[in-house]
Every structure is written in structure tokens, then in C-alpha cells.
Amino acid sequence: MPEGHTIHRLAAQHKDMFAGAAVRATSPQGRFAQGAALLDGRVLEGTDAHGKHLFHRYAGDVWLHVHLGLYGAFSHGGAPPPEPRGALRLRLVGETTYADLRGPTACEVIETPRRTVLLARLGPDPLRADADPVVAWRRVSRSPAPLGALLLNQQVLSGIGNVYRSEVLFRAGIAPHRPGRELAAAEWDALWTDLRRLLRAGVRSGRIVTTRPEDRRRGRAAAADRCYVYRRVGEPCRRCGTPVRAQLMAARTVSWCPHCQPR
DNA sequence: GCTAAATGTTGAT
DNA sequence: TCAACCTTTAGCT
């Protein structure tokens, strides 16, 4: 269930699990057999995440590039791994742990030039220390497109998915329909800062929780009331009780509260 | 057992 | 703008 926080978390986990030693790579499903053969026996030198793209750097300018897409997922455990079950695209086995990858949109072995092309398509990632929010602001502030679409556009900024886009706009009190060019610079700064805070919390916990404790029902754990508006169409807003609305925007369902986020 | 939906992207129209 | 694609799971029957 991948937005940017999932990918950065995986990069850190895989570095801990495998870096500095040779890994065994197989593709029990067969669809990545050639790539796995290229990786098998190589030493993992480091990991990296840009937006929703995960990279492993192996010795000899060999990179593994993974994009989980909508359904992709890793599962991890201690070595030795169990018998492969189901459609298992890639299995990496280290000295003490293993990682299984299922259902990714992209799983490929690449070299630096291809990686450069991939990264050139991505806007700044709020989770990265080298990200410059002004680069995204230039695009946003000149665009007639609604913010709800701009936030999902990985060329504008990267790592934001359908949950974070609805939730960060609720937290800012901004309707997703507002055109980017009608946003004030201070509002963009606040959105960027809040996105970074939310994403970092997601990396730490491994789940998306955007509600403040005072906005959760009494006694409810964060997991129960984790979002303000995402997938809550028709339910009462946690702040004002107005029914949450939803519509398609940029080919995905965006949700908002018409009272807390006036047009 | 079947169907629809899901935190996404790409390439064709 | 739309369909295709990758896979699992929830909610039906």
C-alpha cells in the first residue's frame, strides 16, 4: 500500500537487512528471471528512494529499480525463507533475512543512465534532504490545474498519493478544486511543511495517520480514525459533522469537507 | 467461487 | 480521457 513513505521505509529496511554483503536473488514466478540472475551473488552497496521509486545499488553500476504501483508489496522475514507461494516476482535472501516482492508495476535491473532519466521525471520529494520546495512552487503557482491534481502529479512533486493529497488539503482547509495559481506562497510553504511532517510520521510508523488526537473519537486508537476525509464519503466530518464529499480528480477519487474546505 | 476495489503509472486515442 | 496492467483482499454468492 504504497505512497512515498512506504518506499523510504523499505529503502531503510533493505539497507539494514542486506547492505555490505552478497544477496541471493531468484524469481520463482519467472517473470524477472533474467534480472534476478544479474543480481544473484552481488553485494548490495546501498539503497535509495525518490518519490515512489525504490533503488538498490549493487557493485558494478548495477541498480535494481522497483515501483510498487497500486498493488505491489514487499514482505520480509528471517532466513531461511519459506517455500515460495503464489506469484513471487523477486526473492532476495541475505545472511539472516529475506525479502519477497509481489505485484510491482516495475522491477528491473538498470544502469546509471536509465536511472538519470527516471529521476529527471520527478519533482522534489518532501522526504529527501536535497528537495527544493521552490522547484515545485514554480509549477504550482503558474498552473491553472486544481491543487488536487497538482499534488498527485509526480513531475510537480513526488511521493504524494491519493491518501496524502486529500488529507493534507483538509488539514490546510483548502478545497482540492483551488487552482494552483490562486495559492499564496505562504500557503504552499505550509502545505510542503505539513506534507513533510506527515510523510516522516508515515516512514516511522509504516502507516498513514493524519488525524490529530483531539479529532479522533474518544478512546479510539489512531488506526481506527486514521484519516479525516479519505474514503469517508458521506460520513460526517470529524471537525464539523458536514457529510464528506468526493469526486474524480486526475482520474482518482478525491475527498473533502465542503464546510472546512470552502470553494 | 466470483467480482470489485485498492495508497499507481503508462501508452494509446 | 481511457484502458491496460500487476496482485491481493473484502464482500458477496
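The values are calculated or read from the model by the stated rules, or taken from the named source; none is laboratory data. Computed from a predicted structure; not experimentally measured. All Cβ positions, even for glycine, are placed from backbone atoms using ideal geometry, and neighbour counts span all protein chains on display.
Residues considered: A:R200, A:R226, A:R238. Of these, the only one that is of a type in the set (K, R), assigned to a helix (DSSP H, G or I) and surrounded by 13 or more Cβ atoms within 10 Å (Cβ to Cβ) is A:R200.
Take A:A184 and tell me if it is out of contact with any strand residue (DSSP E or B) (no Cβ under 6 Å at 6 or more places or on another chain), at pLDDT 95 or above and either within 11 Å of DNA strand B (Cβ to nearest atom) or of a type in the set (A, V, I, L, M, F, W, C) (or both). Talk me through it step by step, then tell me what you get.
On the way: out of contact with any strand residue (DSSP E or B) (no Cβ under 6 Å at 6 or more places or on another chain): yes; at pLDDT 95 or above: yes; either within 11 Å of DNA strand B (Cβ to nearest atom) or of a type in the set (A, V, I, L, M, F, W, C) (or both): yes.
So A:A184 passes the test.
Taking the stretch A:45-109 as the region of interest, the strands (runs of 3 or more DSSP E) fully inside it that hold 3 or more residues being at pLDDT 90 or above and within 13 Å of A:S27 (Cα to Cα) are A:90-93, A:97-102.
Can you tell me how many residues within the stretch A:142-152 are crowded, with 16+ Cβ neighbours inside 10 Å and in a helix (DSSP H, G or I)?
So the first thing to find is which residues in the stretch A:142-152 are crowded, with 16+ Cβ neighbours inside 10 Å, and the list is A:143, A:145-152.
Keeping just the survivors that are in a helix (DSSP H, G or I) gives A:147-150.
So the count comes out to 4.
Across the stretch A:76-115, the number of residues qualifying as surrounded by 13 or more Cβ atoms within 10 Å (Cβ to Cβ) and either more than 16 Å from DNA strand B (Cβ to nearest atom) or at positive phi (or both) comes to 15. Within this structure, A:G46 fails the test of being under 12 Å from A:I7 (Cβ atoms) and assigned by TED's automatic domain parsing to the domain that holds A:V23.
Could you please let me know if A:G51 is under 30 Å from A:V163 (Cα atoms) and either free of Cβ contacts under 8 Å to residues at least 24 places away in the same chain or crowded, with 20+ Cβ neighbours inside 10 Å (or both)? Talk me through it step by step, then tell me what you get.
Details: under 30 Å from A:V163 (Cα atoms): yes; either free of Cβ contacts under 8 Å to residues at least 24 places away in the same chain or crowded, with 20+ Cβ neighbours inside 10 Å (or both): yes.
Judged against the criteria, A:G51 is a match.
Taking the stretch A:84-99 as the range and being over 17 Å from A:R42 (Cα atoms) and more than 9 Å from DNA strand C (Cβ to nearest atom) as the test, only A:P84 passes.
Given the criteria farther than 30 Å from A:P258 by Cα and either basic (K, R) or surrounded by 15 or more Cβ atoms within 10 Å (Cβ to Cβ) (or both), does A:I160 qualify?
Values: farther than 30 Å from A:P258 by Cα: no; either basic (K, R) or surrounded by 15 or more Cβ atoms within 10 Å (Cβ to Cβ) (or both): yes.
So A:I160 fails the test.
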